[in-house]
1. May I ask you to list the residues in segment 11-32 that are more than 12 Å from Gln99 (Cβ to Cβ), touching a Ser or Thr at 6+ places or on another chain (Cβ under 8 Å) and among the charged types (D, E, K, R)?
2. Considering (1) without any contact (Cβ under 8 Å) to a residue 40 or more places away in the chain; (2) out of contact with any Leu (no Cβ under 7 Å at 6 or more places or on another chain); (3) surrounded by 14 or more Cβ atoms within 10 Å (Cβ to Cβ), say which one Asn109 fails and leave the rest.
3. Scanning for something surrounded by 11 or more Cβ atoms within 10 Å (Cβ to Cβ) and under 23 Å from Thr122 (Cα atoms), does segment 32-40 turn up at least one residue?
4. Among what's in segment 50-96 and is hydroxyl-bearing (Ser, Thr, Tyr) and part of a strand (DSSP E or B), pick the residue that is surrounded by the most Cβ atoms within 10 Å (Cβ to Cβ).
5. Could you please find all residues in segment 13-31 being loosely packed, with under 11 Cβ neighbours inside 10 Å and farther than 25 Å from Glu78 by Cβ?
6. Out of Glu76, Glu81, which single residue is touching a residue at least 12 places away in the same chain (Cβ under 8 Å) and of a type in the set (Asp, Glu)?
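Every number here is computed from the coordinates shown, using simple stated rules; none is lab data. Bear in mind the structure is a predicted one, so any value in this text is a computation, not a measurement. We place every Cβ from the backbone using ideal geometry, glycine too, and count neighbours over all the protein chains shown.
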Amino acid sequence: MPSATELKIAELTKGMLRLKLFVIFSYGKGLDLKPYLADHLGYMIALEKQGKLFASGPFGDGTRGDGMTIVRTANEEEAREIALRDPFVANGIRTFKIQAWTVMEGSLNITINFSDRSAQIT
């Protein structure tokens with residue numbers, strides 16, 4: 001029989017999202033990113049348009065070359081293929097590691113103004 005704690009946890013988590021994603025942690029090597037930055041940004045935007053990119057960006061001010069990319073893929077192998085095609089990785093500017101991540105709780109706020117067709121994400 002489940003304990004009171006186990007029952008409480010089951011109650012609190014029963015409606016949670018449980019969205020499985022993969023996080024690509026990227027590590028810069030101290031090399032200049034600028035020669036490949038436009039290609040990298042184009043690649044990330046293409047992934048976004050394909051619906052594969054959940055979120056991506058650098059850590060800190062971006063000068064170290066470290067960053068994080070979260071992708072919607074069927075499995076870790078597909079996430080690895082995406083990471084390997086990143087121009088920063090393909091050109092030896094970054095290394096990476098992948099970690100599965102399950103989104104359980106949180107929120108996303110979107111405001112859409114019909115009057116001027118503007119939107120804001122907070």
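1. Arg18, Lys29
2. (3)
3. no
4. Thr69
5. Lys14, Gly15, Gly30
6. Checking each option against the conditions leaves just Glu76.
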